[in-house]
Structure formats: structure tokens, C-alpha cells
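Structure first, then comments.
Nothing in this text is a laboratory measurement; each read-out follows from the coordinates by a stated rule. As the structure is a computational prediction, the values presented were derived from the model and not from experiment. Glycine gets a Cβ as well: all are built from the backbone with ideal geometry, and neighbour counts include every protein chain shown.
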Amino acid sequence: MNFYSRSLSKLIDELSRLPGIGRKTAQRLAFYIIDMPKEDVSNLSNAILEAKENLRYCTVCYNFTDGDLCNVCSDKTRDPSTICVVSDPRDVVAMEKTREYHGLYHVLHGVISPMDGVGPEDIKIKELLERIKNNDIKEIILATNPDIEGEATAMYIAKLIKPFGIKVTRIAHGVPVGGDLEYTDVVTLSRALEGRREM
């Protein structure tokens, strides 16, 4: 038996579809939203719609941006000869929090995962190779997660880049195997970046 009105049930159902939000958390959020002033609810819904409508990929690195270039790619103080390859835009945020890296990024938007039907052509590897061909790149840092898919993706990319004669490094393992960069503390991530190794 459903104890909630149709509108409240729909709100709970939609919230519970979000990653990491179970039914109980969705219920708490729904009741919180219902108790919020109407103006705050309107601001929240407008922020969600605005993000969905305005966010797009940076034309250089494929990070999220409101314009053509993201904040990193438009920053002239960054080192354009170094590219840190990550699997997700959240990894850019994690790396930036270390304040140790001063180059550019390339966001793959996924990793190679045959079990999930994701091949090299489904992520931004071709675009990375184009950047390398068209720019004076001296180092590629592979900073995919240290799990099976992340390691496989890093090895695949390293093999593709080898003919270019560019230095290819992998972040060191201070990052736990099977862990996600976005959940790694700043000190561990800084040490992993400092201790990267050539591939």
C-alpha cells in the first residue's frame, strides 16, 4: 500500500533514481524539499535545469564548461606541454585540489570495460591522439583509477602513444587499488602524482 500522495510518490521515485540515493534518503529529501520555501524550491529546480541546458564539453579537454573552453584550458599560466588523462570530470576536481599539477587535462568520459560494452571507440581516446598530433606535448600522465578497467585503459592508451616518442607516466599507487580518485584524500593524491612512473 502506498502511503504517499501521487505527487510525493513521484518525487521520491525520481530522487531515488539518483546514484547513491536509496529509498529512505529519497524520502527524507522529498520531505525536506516539500518543507522548503517555494522560492528555494524554484531556485533549486532552476539550477538543475540551467546546468542541464548550459553545461557542455570543453572543445579541448572535454571537461564540463559553460563556454567553449573550461577554466583550466583558458588559463594561460598552465603548462600546455603536459596532459593529465582522467576518466571523469570529477577526477579533474580531485587533481586540482592537490595544487600540485599545473598542466592541462583530457577527460575520457569513461574507461574501457568490455563487460559493460564500452570499447576504446566509446570514450575520448581518438580525441586525445588528435591533441597529441596537433600540439607540442612532452608528457602524458595517465591518472585513471587503479582498478582493472582503469589499468587496462591506461595500458591501452600508453601503447597508442608510444610511437609518438612522448614520455608517458602513470600516477603512483598511493591511491588504493579499486578506489576512485574523487574519494582519495588530497595528501595521498599529491603523493601519487609526485611518484608517478614512466610506462
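Our estimate of slack between residue 50 and residue 155, defined as 0.36 nm per intervening residue step minus the Cα-Cα distance, is 34.0 nm. What percent does the relative contact order of the chain come to when contacts are Cα pairs within less than 8 Å and at least six residues apart? Contact order relative to length: 15 percent.
Across region 144-161, rounded Karplus estimates of 3J(HN,Hα) from the backbone phi angles (6.51 cos²θ - 1.76 cosθ + 1.60, θ = phi - 60°) give 6, 4, x, 10, 4, 5, x, 5, 4, 5, 4, 5, 4, 5, 4, 5, 5, 7 Hz, Gly and Pro being marked x.
A P(r) calculated from all alpha carbon pairs of the chain, with 10 Å bins opening at zero, reads 8, 29, 29, 19, 11, 3, 0 percent. Of all DSSP-defined beta bridges confined to region 64-198, some 20% are antiparallel rather than parallel. Taking the fewest neighbouring Cβ atoms within 10 Å as the starting point, the ordered list for 18, 160 is 18, 160. Neighbour counts of other Cβ atoms within 10 Å put 66, 91 in the fewest-to-most order 66, 91. Per-peptide packing, taken as the mean over residues of other Cβ atoms within 10 Å, places 142-150, 53-61 in the sequence 142-150, 53-61 from highest down. Sorting the segments 99-107, 33-41, 75-83 by their mean number of nearby beta carbons within 10 angstrom, highest to lowest, gives 99-107, 75-83, 33-41.
Here the spin labels are modelled as points 7 Å beyond Cα on the Cα-Cβ line, and at residue 27 and residue 138 they lie 5.9 nm apart. Say we join alpha carbon atoms closer than 10 Å with springs in a Gaussian network model of the chain; which of 156, 32, 62 then has the biggest fluctuation? Result for the chain, Cα springs under 10 Å: 32 fluctuates most.
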